[in-house]
1. Give the relative contact order (percent, whole number) for the chain; include only Cα pairs under 8 Å separated by 6+ residues.
2. Sort the following peptides by mean Cβ neighbour count (other Cβ atoms within 10 Å, averaged over residues), highest first: 125-135, 65-75.
3. Between residue 78 and residue 123, with labels modelled 7 Å along Cα→Cβ, what's the label distance in nm to one decimal, could you check?
4. Could you tell me which of rounded, prolate or oblate describes the range 3-148, using a ≥ b ≥ c as the square roots of the eigenvalues of the alpha-carbon gyration tensor, with rounded for a/c under 1.5 and, failing that, prolate when a/b is larger than b/c and oblate otherwise?
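A short reminder: the numbers here are calculations on the coordinates, not readings from a lab. What you see is a predicted model, and the numbers here were worked out from it, not measured in a lab. We place every Cβ from the backbone using ideal geometry, glycine too, and count neighbours over all the protein chains shown.
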């Protein structure tokens, strides 16, 4: 069974890549795994304050992933697997190494300007990934996503 890993955040290109992964999984009898990344905090506050900030960031990531999973369930009738990780160096690569069942990493490129940090990072390392890398243009229409998935 093919498993497509989609990285979710609050960007439009993330929604496009998730939709592509869902359509591709539906057409191939596969599944979607959603990985939500908790933004790493760029500063350190006092103990309790820092813990609260980190917990709130994790809660936002979990809500985002759960919302995306709910939309996919409504569309596909299958509940995707959800994981939440801190966005530290190597978090996605580590996740891929821990999950050899993943058949493809699906990322969305920004509709305008630079493609985004994840696309830039993984295209530079695509030759050493354990699975194919799908890059979905962020400006694709739902009709085009349906046709091409």
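1. Working: 239 pairs, mean separation 48.4, N = 149.
Computed over the chain, the figure is 32 percent.
2. 65-75, 125-135
3. It works out to 2.9 nm between the two label points.
4. Numbers: a/c = 1.65, a/b = 1.47, b/c = 1.13.
Prolate, because a/c is 1.5 or more and a/b exceeds b/c.
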